[in-house]
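Quick one: structure below, then a few questions.
Please treat every number below as a calculation from the coordinates, not as lab data. Nothing here was measured: the structure is a model prediction, and the numbers come from that model. Here Cβ is always computed from backbone atoms with ideal geometry, including for glycine, and neighbour counts include all displayed protein chains.
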Amino acid sequence: MWARKIVFVGLALVVVGSVADARSARMVGAVASVTPNSLDVMTKSEGMQSVRLDNRTEYMKWITHKPWQESQQANFGSLSVGRCVEVDRRSADTNDAKRVWVSTEPIGSLYDPCRSFRR
């Protein structure tokens, strides 16, 4: 009896997690184009996504391996076509970028977060 309850609860958590992920306010992909007011990102699952950039948008380095103590500060100038980014939107319902994590890894390198779907 307990085993059935545990399995049921586990399956319920998986379903809830997948539904929450579908409405996520985050996206990961490669920069397709960038202007002072917008960023187009090519994602693996949703294709081309566009977000608005404004003066409240924060830019951070996406550090994927050592040295961890490297400064995480980045700026709009860190964005370039092909660079892998993770965009945190202000909410799942808007296209306004709250924070943009910019990968510092060379495009296609071993540590490039977008490497798996560039092939």
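Using a 7 Å offset from the Cα along the Cα-to-Cβ direction at both SER109 and ASP40, what is the distance between the two label points in nm, to one decimal?
The modelled label-to-label distance comes out at 2.7 nm.
Right, here's the next one. How large is the translational diffusion coefficient of the range 25-118 in µm² per second when you combine the Kirkwood radius over alpha carbon pairs with Stokes-Einstein at 4 °C and 1.567 mPa s? Mind showing how you got there, number by number?
On the way: Rh = 13.2 Å.
The calculation lands on 98 µm²/s.
Compute for the range 75-114: radius of gyration divided by Kirkwood radius, i.e. Rg/Rh, restricted to C-alpha atoms, rounded to two decimals. Show your work: numbers first, answer last.
Values: Rg = 11.5 Å, Rh = 11.1 Å.
When Rh is taken as the Kirkwood radius, the ratio is 1.03.
If you add up the charges near ARG52, with Lys and Arg at +1 and Asp and Glu at -1, over every other residue whose beta carbon is less than 10 angstrom from its beta carbon, what do you get? Don't jump to the answer; show the numbers that get you there.
Working: positive: ARG89, ARG90; negative: ASP54, ASP96.
Cβ neighbours under 10 Å give a net charge of 0.
Identify all aspartates and glutamates with a Cα-Cα distance to LYS66 below 18 Å; exclude those on the same chain that are fewer than 8 residues away in sequence.
GLU105, ASP112
Continuing with the same structure: If you rank LYS44, LYS98, LYS66 by fewest surrounding Cβ atoms within 10 Å, what's the result?
Details: LYS44 13, LYS98 17, LYS66 7.
Final ranking by Cβ density, sparse to dense: LYS66, LYS44, LYS98.
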